[in-house]
Amino acid sequence: MSEPTFEEAQRELESIVERLERGDAGIDELTELWERGEELYRICAAKLDGVRGKIEELARSGDTPPESG
Amino acid sequence: MKVAATEIDGRKVYSVRAFNGGVASYLGKLPTLWIEGEITELRRQERWASVFFTLKDPEDGACLPVQMPRGQFDVLELGLSDGERVHVFGRPELYAQRAELRLKALTIERYGVGAHLAALERLKRTLATEGLFDDSRKRALPRYPRLIGLVTGNDAAAKRDVLTHITQRFPPANVLVAETYVQGPRAVASICTAIGDLSHRGADVIVLARGGGSFEDLLPFSDERVVRAVAACQVPVVSAVGHEQDTPLCDLAADVRASTPTAAARLVVPDFAELRERLERGRTNLRRGAQRAADRHVERLTATRDRLSRAPALALERKRARLDNAHARLGTLSPLATLDRGYAIVRRGDTVIRAAAQVSSGERLSVRVADGTFPVTADE
């Protein structure tokens, strides 16, 4: 399974919480759900905290740079 | 005018005055024509016979000094000021004394805003008819953009504003900046190329940012090519051009319009702090939810075990009750009940006497009544 995007991970985490709160999760699933939830939390947190954004400049295709101002 | 040369050592030599006069009369043969430019350095004084200004080419800054008789200038009542675009009707003239070229203006017409506005209005109607501005064409912006493309001039302010607001609101944001000319003759092609390049490089949303400027400054953003490039862009475009009151046509073709760089940032990236909080809340709820679900299972198990431990005693009790019941019913069937009513059972040993013939005279028998047994002897 490929790494989910932040949005997917967050949605899955929230749906797991909903399931747990509804109380229809079997005992065998419980650990599995909780562990998956924690993993999703870690994925989301890493995406938020671990990554600093990059700001890059696209090389201009024009000839001379415009004068500033 | 006659230009006379003096013959010196076999060479024709002109005086400066004669030369200037000659050039002046040559220039005087050029036709009268219209020239478009921007008014700068307008100088008008009551004691001067003429009004002076410089006509500047807005695209490359080429300059032409203009002179106009003050009376003619005042009659026009144009109230011109520096920076205005005009059409000047005049002819070139050389101020012979100093060999200075200037345009002798015969009349001036204000040009620009009005004419541009009309042209823009026509273009706007054409594009609207084509459906380029339709609401149905507007796309939603990605909630978590992977790469934000930023088209901006290198005029620092607009670019810095947008970048600062984006990174402040959402530090993990990735931005690819394409600096372009945002005014002047190269702006249009440069903006169109930037939009294409950014979407090609994987930007999933593009912000078009340009600080405020004069009506003319913002014209490239109403150019048909730019407007079409915005509309045709593969990914959603946010237009953050000019100030609130400006509505360049690219605003109408863009998927969303932002009135300020801050607004543009708010549109393209989520609020980091809010996201973080939501994530933490998710985790807390996950733990609480898992705990609660586990607790419920434990409770159910405990209850079952309790019932299990109570089960044998319960079963025994039930059996006892049944026995007691049977016993009670047995009581009603006992012969003792009959004896209570005054009957007696006569036995010889273990044998119950059921007929008189069974008894011989003098035999010892036992009689059982309700409260006990006593012996008797049979008579004759």
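Every number here is computed from the coordinates shown, using simple stated rules; none is lab data. Worth saying up front: this structure is predicted, and the values here are computed from it rather than measured. Here the Cβ is made from the backbone with ideal geometry for all residues, glycine too, and neighbour counts use every protein chain on show.
Numerical summary
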| read-out | value |
| --- | --- |
| Eligible lysines near residue B:12 by straight Cα distance, threshold 21 Å, same-chain separation 8 or greater | B:2 |
| Neighbour net charge for residue B:234 - beta-carbon separation under 15 angstrom, K R +1, D E -1 | +3 |
| Aspartates and glutamates with Cα under 14 Å of residue B:124, excluding same-chain neighbours fewer than 8 positions away | B:134, B:223, B:224, B:251 |
| Loop-exposed trypsin sites (Lys or Arg not before Pro) per DSSP, neighbour cap 15 Cβ within 10 angstrom, longest uninterrupted part of chain B | B:202-340 |
| FRET E, pair residue B:59, residue B:134, Förster distance 35 Å, beta-carbon r, rounded to 0.05 | 0.55 |
| Extension gain from residue B:358 to residue B:33, taking 0.36 nm per residue of separation minus the Cα-Cα distance | 100.0 nm |
| 5 angstrom amide H check on residue A:53, placed H, neighbours 5+ away | B:173 |
| Charged-residue dipole, Cβ positions (Lys, Arg, Asp, Glu), the stretch B:272-375 about Cα centre, Debye nearest 20 | 620 debye |
| Dipole magnitude of the stretch B:269-308 about its Cα centre (Cβ charges: Lys, Arg +1; Asp, Glu -1), debye to nearest 20 | 260 debye |
| Peptide A:17-25, shielding by other chains (average Cβ, 10 Å cutoff) | 5 |
| Under Karplus coefficients 6.51, -1.76 and 1.60, residue-wise ³J(HN,Hα) of the stretch B:80-86 in Hz, glycine/proline x | 5, 9, 4, x, 7, 8, 9 |
| Residue (of B:66, B:97, B:24) at the positive-pole extreme of the stretch B:1-160, dipole from beta-carbon charges | B:66 |
| Under the Debye formula (equal points on every Cα, no solvent term), log10 I(q)/I(0) of chain B at q = 0.07, 0.09, 0.13 Å⁻¹ | -0.63, -0.81, -1.09 |
| Relative pair counts by distance (%), Cα atoms of the stretch B:1-47, 5 Å bins | 5, 15, 13, 13, 12, 15, 11, 7, 5, 4, 0 |
| For the stretch B:1-158, convex hull volume per residue from C-alpha positions, Å³ | 252 Å³ |
| Unsatisfied cross-links (Cα-Cα over 19 Å) in the set A:54/B:159; B:138/B:159; B:29/B:56 | B:138/B:159; B:29/B:56 |
| Number of partner chain Cβ atoms within 10 Å, mean per residue of B:193-200 | 2 |
| Shielding by other protein chains, B:31-42, mean Cβ within 10 Å | 0 |
| Cα-based convex hull, the stretch B:66-190, per residue volume (Å³, whole number) | 207 Å³ |
| Cα-derived Rg over Rh, computed across the protein assembly as shown with Rh taken as Kirkwood radius | 1.66 |
| Between helix B:16-27 and chain B: long-axis angle, C-alpha atoms, 0 to 90°, nearest 10 | 60 degrees |
